[in-house]
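Single-structure report; data block below.
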Amino acid sequence: MPFVAIEHPKCVKCTKSVYAAEERIAGGYKWHKMCFKCELCGKFLDSTNCAEHDKELYCKNCHGRKYGPKGYGFGGGAGCLSTDNGEHLSNVSYYHTKPQGATESRNMAMAPEGEGCPRCGGFVYMAEQMLAKGRSWHRECFKCATCTKRLDSVNCCEGSDKDIYCKVCYGKKFGPKGYGYGQGAGALQSDPAYNGGIGHRGAGVQSIGLTCDLNDETERDVSTSRAPVIDTSTTSIKAKPGQGCPRCGGVVFAAEQVLAKGSEWHRKCFKCKDCNKTLDSIIACDGPDRDVYCKTCYGKKWGPHGYGFACGSGFLQTDGLTDEQIAGSRPFYNPDTTSIKAEKGEGCPRCGGKVFAAEQQLAKGAMWHKICFNCATCHRPLDSTLACDGPDKEVYCRSCYGKYFGPKGFGYGHSPTLVSTKGESTMLFSEARPTSGVKSRNGNGCLRCGYEVYAAEQMISKNKLWHKRCFTCADCSKSLDSTSLNDGPDGDIHCRPCYAKHFGPKGCGFGMGAGVLSMA
């Protein structure tokens, strides 16, 4: 049986076969994806805005314009007379074909010489201007002079011939030539369009030089193409005074320019003046001598000098300073606090010198030097948490204050050092109650001892005042506080067990354990 090829459906627009990957369906017919557009306006369509009529496709606007109702009320607004049938859109070739090559010249007003678009010479208005080489270009004229590629601010390169190029054409025409500058590493770049075909000839000879005999002329061409002379000097083309690179004076082109200090530099020349480190916009520093430096060299030469301005705190930075300048910049420090005397009663209580705000310490309503603010006995440095104001208008640490002005007796030192070997009590007053002082009048003193109670040692119960030492249980002498205090009906104070023993309920269930008979 002979092979019969599968017949694919034909596109209604171009009558060519339509394959499944590119087909579009409307009205039972199939179109190519690129043919699926409006017959009048050339707009590409989809299933939502497509209208088919006699194997022709239209968008909804054009379909209504050509085949829709006409008359009053069918125009753009209510009451408008619409007679548009789309005849002015009959020239479909204008919408379906894309102009090839250069665009046709437009009728425009020509600008004076040197003021208009550099390519066509016409006036350039704000809505269509592109800037390059300090000149305004039409958006349509802003393209590469060689390959006519559309340009923008990213890929535009300004050539030395006052024209603009894309980066590829600029590199071909003005970039370096020779080994390493072609498409791959080690390739010979010698574009025949700008080098008269010599490089092309040399490259061809180089590729077949090992398999054929070469005459003298060809050998000279090969040797020339293998070892090209590349001029990398930035001073080969000198600029006008004050316009070139500030370092070498050569002309700076757009592909290699770096801006600093309002001047254009070669990328090779944009280095630190002292250490020759390559710079960029982040680490470059403009010096007052109209040159550029890295941050380190700038700090050494123009930055602040002295203590605290080097790598570490307190380190002396002396780069670029003479011995006299170093000696003059050293800070003067006079540790004598009595060198400036204050008026009587206003200075430091320890030395009598004047106290300034940066060194003052407050105690007992007086201002002290920070150096003088130490213990009067052991000379330990003090602060607001360790200082104790003594009655002699001096300051002490806590240990020395307790030693001189604290309570005395057994148990008030660092440890009770007196030990009895016979068993008798070593305390003169076992009850630890005061035995001397001023007796209170009218019964307003401590109920236990009768002496006056001061605010620093008072304890309160039932609106009565007690000494902290006397605030104990009347039976067992146990020290009490606000959580264990019980005021008895006898006017004295008791701990909870003793209060329950004397004044609590009695009988079964009220003893120490449940069900125990308590007769205490």
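The values are calculated or read from the model by the stated rules, or taken from the named source; none is laboratory data. Keep in mind the model is a prediction, meaning the values are calculated, not measured. Glycine gets a Cβ as well: all are built from the backbone with ideal geometry, and neighbour counts include every protein chain shown. With ligands, DNA and RNA removed, areas are computed over all heavy atoms of the protein, side chains included. Shrake-Rupley method; radii C 1.70, N 1.55, O 1.52, S 1.80 Å.
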Determine, yes or no, whether PHE315 is modelled with pLDDT of 85 or more and surrounded by fewer than 16 Cβ atoms within 10 Å (Cβ to Cβ).
-> no
Considering only the stretch 134-161, state which residues are open to solvent by less than 80 Å² (accessible area, probe 1.4 Å), not in a strand (DSSP E or B) and not charged (D, E, K, R).
-> CYS141, PHE142, CYS144, ALA145, THR146, CYS147, LEU151, ASN155, CYS156, GLY159, SER160
Looking across the stretch 113-156 at residues that are within 43 Å of the chain's Cα centre (by Cα) and of a type in the set (Ser, Thr, Tyr), the single one that is farthest from PHE253 (Cα to Cα) is TYR125
Spot the failing condition for GLY184; the list is (1) out of contact with any helix residue (DSSP H, G or I) (no Cβ under 9 Å at 6 or more places or on another chain); (2) modelled with pLDDT of 80 or more; (3) surrounded by fewer than 11 Cβ atoms within 10 Å (Cβ to Cβ), and only one is missed.
-> (2)
Counted residues in the stretch 17-27 being in a loop (DSSP other than H, G, I, E, B) and either at pLDDT below 85 or more than 22 Å from ILE6 (Cα to Cα) (or both) come to 1
If you go through the stretch 453-474, how many residues are more than 20 Å from ASN442 (Cβ to Cβ) and open to solvent by 80 Å² or more (accessible area, probe 1.4 Å)?
-> 3
Filter the stretch 475-513 for residues that are more than 28 Å from ASN442 (Cα to Cα) and in a strand (DSSP E or B) and give the result.
-> GLY507, CYS508
When restricted to GLY352, GLY345, the only residue over 30 Å from ALA456 (Cα atoms) and at pLDDT below 85 is GLY345
Here is a list of conditions, (1) open to solvent by 70 Å² or more (accessible area, probe 1.4 Å); (2) farther than 22 Å from GLN257 by Cα, and LEU131 meets all of them except one; can you say which number that is?
-> (2)
From the set of residues in the stretch 160-179 that are under 39 Å from the mean Cα position of the chain (by Cα) and of a type outside the set (Phe, Trp, Tyr), which is farthest from ALA111 (Cα to Cα)?
-> GLY175
Pairs returned, first residue in the stretch 483-495 that is of a type in the set (Gly, Ala, Ser), second residue that is open to solvent by less than 50 Å² (accessible area, probe 1.4 Å), beta-carbon separation under 6 angstrom, 6 or more apart or interchain, are SER484/CYS495; GLY488/HIS494
